[in-house]
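As structure tokens, the structure follows; a few thoughts come after it.
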Amino acid sequence: MFLNKIKLFFLISICLIFFFLTYNDVKSEEVKIISGIGKVTDGDTIIIEGKKIRFFGIDAPEKNQQCKKAWLTISFISFSKDYPCGQISTDKLKKKINNKLLICKWTNKDRYKRYIAECFKNKTNLNAWMVRNGYAVAYRKYSKKFVSEEIFAKKEKLGLWSGTFMMPWDFRKNN
């Protein structure tokens with residue numbers, strides 16, 4: 001009987017240890033809302049009421065980033081020219097938002113204290129819209145959610161995909 005109590009104690013102890021070691025911050029990933037008129041910083045960052053919001057799962061060219069696109073093609077020779085793809089990405093987001101009410105759903109912050117969120121204008125997911133139109137790419141390092149939108153933009157040669165460009169994360173690393 002005494003031996004059975006010891007075995008039971010060890011079994012419960014092992015179960016508790018296992019539970020606490022595998023407990024991965026079970027607090028709910030509560031979705032929080034930030035809403036208001038968004039001020040565009042660049043193609044994947046906005047500010048609402050002083051809160052800096054980085055679009056979840058996408059990466060847009062940096063504001064000063066240049067890309068290339070075909071300018072003139074004669075038979076097998078093609079000439080390309082630089083264009084300000086980072087500024088275009090920023091401008092397209094500004095135009096899409098058009099000083100309207102946005103609702104951003106966030107669950108966490110990044111190391112720069114920015115809110116990581118999916119933002120909506122009415123029912124349009126702005127993160128998905130930016131990628132689907134080729135003004136940003138899916139940020140696969142953090143999420144695969146917008147890969148299908150990127151595949152669509154690439155297939156249709158929209159935005160960035162109409163020419164050649166350096167991935168935004170590589171541009172930041174090199175500049």
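The values are calculated or read from the model by the stated rules, or taken from the named source; none is laboratory data. Keep in mind the model is a prediction, meaning the values are calculated, not measured. As a convention, Cβ positions derive from the backbone with ideal geometry for all residues, glycine included, and neighbour counts pool all protein chains shown.
Taking the numbered list (1) under 14 Å from Asp42 (Cα atoms); (2) in contact with a Cys (Cβ under 8 Å, 6 or more places away or on another chain) in turn, Cys104 passes all entries but (1). Criterion applied to Arg114, Arg132 was being surrounded by 20 or more Cβ atoms within 10 Å (Cβ to Cβ) and either of a type in the set (S, T, N, Q) or under 15 Å from the mean Cα position of the chain (by Cα) (or both), and the one residue passing it is Arg132.
Being in contact with an Asp or Glu (Cβ under 6 Å, 6 or more places away or on another chain) and charged (D, E, K, R) is the requirement here; does Arg111 meet it? In short, no. Looking only at segment 33-44, decide whether some residue is among the charged types (D, E, K, R), surrounded by 14 or more Cβ atoms within 10 Å (Cβ to Cβ) and either touching a Lys or Arg at 6+ places or on another chain (Cβ under 6 Å) or within 24 Å of Lys145 (Cβ to Cβ) (or both). Yes, segment 33-44 contains at least one residue that is among the charged types (D, E, K, R), surrounded by 14 or more Cβ atoms within 10 Å (Cβ to Cβ) and either touching a Lys or Arg at 6+ places or on another chain (Cβ under 6 Å) or within 24 Å of Lys145 (Cβ to Cβ) (or both). When segment 105-148 is filtered for residues that are of a type in the set (Val, Ile, Thr) and either under 18 Å from Lys39 (Cα atoms) or part of a helix (DSSP H, G or I) (or both), the ones remaining, listed by number, are Ile116, Thr124, Val131, Val147. Of the strands (runs of 3 or more DSSP E) entirely within segment 1-104, those holding at least 2 residues that are at pLDDT 95 or above and within 21 Å of Tyr135 (Cα to Cα) occupy 39-42, 45-48, 51-55, 67-74, 77-83.
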